[in-house]
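Structure first, then comments.
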Amino acid sequence: MATSKNFPFAYIHKKICKTDDAVISIQCKAIQYGLGCFSGIRGFWNSNKKNLYIFRLKDHFERFRESAKILGMQLEMDYKKFEKVIMELLKKNKVKEDVYIRPTLYSGSTQLTPRFDNEGDDVAIYMISLKEYFKAGEGLNVCVSSWRRFDDDVFSVKAKMTGAYSSSALAKTEAIKNGFDEPIFLNRDGKVCEASGANIFGIKDGVVWTPPPGSNILNGITRRSLLSLFEKIGIPVREENFDRSMLYTFDEAFLSGTAAKVAAIRSVDRRIIGNGKEGPLTKKVSDLYSKAATCELKGFEKWCTPTK
Ligand SMILES: Cc1ncc(COP(=O)(O)O)c(C=O)c1O
């Protein structure tokens, strides 16, 4: 994983401050119980246009708002304010490179009981520079995790809930300790779900497969973008459940996510996918995504919010 650098200014307690000063009490429920939800947003620097474009900002806000709603948390910020704060922070941090923006709605209440309806919910936003989340180029060696994806009646899989990422952390730690780059979760029914922080796609005989939104996955914004891009180039997609065995026999497979972007899978449980290299359709959709994200793809400019 690539290293990243913190930008010096962040937002918390309704104002911009130094990132080092954006701190919360050890007593608060965000720390004690992981009560909160978050979003991960990317901005891409277009060196031709000398402009930074934020990818699908409104859609990210919408999911953030829905996460708060699912959890019953108070998000006292509308889209206009959200955009304004992010734009101000980008300006103050003088961002002229690819950036990863992390807004979190955390429970700042210091009362003891784990519940979501106390006062003190607050939005914090920080940003880091981020080129590649996964090591570029080589393809990922993934494994099927021994940890199952939780069902929506255990934790909400649709709210990007901070505490729920303990599940991702268990699977990711196990995968790395066993020599893999990333785990793939199965759900209780044994169907393929997603990775620790990314959605999964497979391609077989020219058809793209990805699990449907109802199968214990986060309905990724990158995932939705790629579905639109596959539609644009006329590649058939099946949003359907599939098994572990099918995962082994795909011609191509890749992960998608804001941090991950489009990341080709080289092997699953040490079985090489295709010829072990990024497949042609993966490359095609990855290139289209990169163009769309930098506001260079005709017809998809609406996905990009320019910062100047
Ligand atoms: C568990 C999980 N699945 C999928 C994704 C991909 O979602 P998106 O493309 O909106 O970043 C993420 C990343 O946020 C994630 O954490």
Practice prompt. Give the ranking of Thr110, Thr307, Thr210 by solvent-accessible surface, highest area first, calculated with a 1.4 Å probe.
Written response: Thr110, Thr307, Thr210
Worksheet item: List the trypsin sites (Lys or Arg not before Pro) in the stretch 229-301 that DSSP assigns to loop (not H, G, I, E or B) and whose Cβ has at most 13 other Cβ atoms within 10 Å. Which are they?
Response: Arg270, Lys298
Practice prompt. Could you run the Karplus curve 6.51 cos²θ - 1.76 cosθ + 1.60 with θ = phi - 60° over the stretch 187-197 and give me ³J(HN,Hα) per residue in whole Hz, x for Gly and Pro?
Written response: 8, 4, 7, x, 8, 5, 10, 6, 8, 6, x
Worksheet entry | Dimensionless Rg ratio for the stretch 5-129, taking C-alpha atoms and the 2.2 N^0.38 Å reference | 1.08
Worksheet item: Could you give the angle, 0 to 90 degrees to the nearest 10, between helix 79-92's Cα long axis and the longest principal axis of the Cα atoms of the chain?
Response: 90 degrees
Response to the item:
Descending packing, highest mean Cβ count within 10 Å first, for 12-18, 188-194 is 188-194, 12-18
Worksheet item: Considering only Cα-Cα distances, which of the following residue pairs are longer than 28 Å: Lys58/Lys158; Lys29/Lys96; Lys49/Lys261?
Response: Lys29/Lys96
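For Ile235 and Arg115, what does the FRET efficiency come to when R0 = 51 Å and r is the distance between their Cβ atoms, rounded to the nearest 0.05?
0.65
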Fill in: Check: the stretch 140-293 dipole with +1 on Lys, Arg Cβ and -1 on Asp, Glu Cβ, in debye
320 debye
Worksheet entry | Euclidean distance between Cα centres, the stretch 1-58 to the stretch 104-139, Å | 8 Å
Fill in: For the chain, size of Cβ-based charge dipole, Lys and Arg +1, Asp and Glu -1, in debye
980 debye
Worksheet item: Among Asp153, Asp59, Asp269, which one moves the most in a GNM of the chain with springs linking Cα atoms closer than 10 Å?
Response: Asp153
Worksheet entry | Lone cysteines, the chain (no partner Cβ under 4.7 Å) | Cys17, Cys28, Cys37, Cys143, Cys193
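The values are calculated or read from the model by the stated rules, or taken from the named source; none is laboratory data. Because the structure is predicted, anything quoted here is derived from the model rather than measured. With ideal geometry, Cβ positions are generated from the backbone for all residues, glycine too; neighbour counts draw on all protein chains shown. Only protein heavy atoms, including side chains, enter the accessible area calculation; ligands, DNA and RNA are left aside. Shrake-Rupley method; radii C 1.70, N 1.55, O 1.52, S 1.80 Å.
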